[in-house]
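The values are calculated or read from the model by the stated rules, or taken from the named source; none is laboratory data. These numbers were taken from a predicted model, which means no experiment stands behind them. Using ideal geometry, Cβ is built from the backbone for each residue, glycine included, and neighbour counts are taken over all protein chains shown. These area figures cover heavy atoms from the full protein model, side chains too; ligands, DNA and RNA do not enter into them. Shrake-Rupley method; radii C 1.70, N 1.55, O 1.52, S 1.80 Å.
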Amino acid sequence: MKQILLINDLAGYGKVATAAMLPILSYMGLPVYNLPTALVSNTLDYGTFNIMETTDYMEGVFPVWKQLGFSFDAIATGFICSERQARMVADYCREQSENGTIIFVDPIMGDEGKLYNGVTPERVECMREMLGVADLCFPNYTEAAYLTNTPYNENGVTLAEAKEILCKLLKIGTRSALITSIKIDGQTSVIGYNHNNDETFCLPYTEIPVHFPGTGDMFSAILIGHLLNGESLKKSTRAAMDTLSQLIEANKDNEDKNRGIPIENYLNMI
């Protein structure tokens, strides 16, 4: 069984980031380990929250793991708190990649055309460095636009324009790439490129008009689980899209959506 390390934040209340990904990957048969980039009191959607960055802790973890000889078949990175933390994680991923570890990068920085509060231009540059060590990255359209210095168009893009953004991501250094939540020729889609077979694909989907925090993390976990179980990027992406749609549909009437989807109750859908 392939062992995977999650480098992401950990919320005390709410199914986002590590709290959302760990049960999914475990259910899919993968031994999962985690390194929190921050401890977060609850999902940010509640408006009031407390965050403790764990960079100093992380700095002490890597030498211990190296001394103990720990290694992983894959590493999935998510929310990064600071430029210092981003450089530290990039260095560790680069070192592990040289030993054959697969690196998945979700450059969590923004959505709907805007960067999240606290995300600086320096952080964007650090996430470009992360892409340089990635085997696969999967930014949303907003993040892809910032990473590639491409103007964000709220009305969407043409297929040719989407492919150009994809090419720019590859030039930064990632071997394969997906762009999620991008409207292409009027249809919300996921577009991707698989370096293993030189395949570019575009998969449309129908949006469900409801918001849950953590759905991007769940998409990432399902995608990675299928990939590590030997499926192709296109097939894994479609499976993640379809499963996420079912999860949202099954929970769309939940009273408190700010805490995310209670994934443990729906693992049989994966």
Only Lys, Arg (+1) and Asp, Glu (-1) charged, at Cβ; the stretch 231-270 dipole about Cα centre in debye: 260 debye
Amide H within-cut-off set for Thr180, under 5 Å, with H built and near neighbours excluded: Asn140, Tyr141
Accessible surface, the chain, averaged per residue in Å² (probe 1.4 Å): 46 Å²
Inter-probe distance in nm under a simple model that places probes 7 Å from Cα toward Cβ, at Asn50 and Leu170: 4.8 nm
Distance between modelled label sites at Ser97 and Thr188, nm, 7 Å Cα→Cβ extension: 3.1 nm
FRET efficiency, 1/(1 + (r/R0)^6) with R0 30 Å, evaluated for Ser26 and Lys66 via beta carbons: 0.75
Largest-first ellipsoid semi-axes for the stretch 1-131, taking √(5λ) over the Cα gyration tensor eigenvalues, angstrom: 23, 18, 14
The chain shape via C-alpha gyration tensor axes, a/c threshold 1.5: rounded
In nm, spacing of pseudo-spin labels at Met269 and Asn196 (7 Å Cα→C-beta vector): 2.6 nm
Surface share of carbon and sulfur [accessible, 1.4 angstrom probe, percent] for the chain: 48 percent
For the stretch 150-270: rounded, prolate or oblate by the Cα gyration tensor [a/c cutoff 1.5]: oblate
The chain: most fluctuating residue of Val157, Val89, Val105 per GNM, C-alpha cutoff 10 Å: Val157
Of all DSSP beta bridges in the stretch 48-171, antiparallel share, percent nearest 5: 25 percent
Counting DSSP beta bridges with both ends in the chain, the antiparallel % (nearest 5): 45 percent
Accessible surface of Ser26 - all protein chains present, 1.4 Å probe, nearest 10 Å²: 60 Å²
Residue with peak Gaussian network fluctuation, the chain [Cα springs, cutoff 10 Å], from Asn155, Asn258, Asn140: Asn155
The chain: calculated mean residue ellipticity at 222 nm from DSSP helix runs of at least 4, using -39500 (n - 2.57): -12500 deg cm²/dmol
Area accessible to solvent at Val40, 1.4 Å probe radius, in Å²: 20 Å²
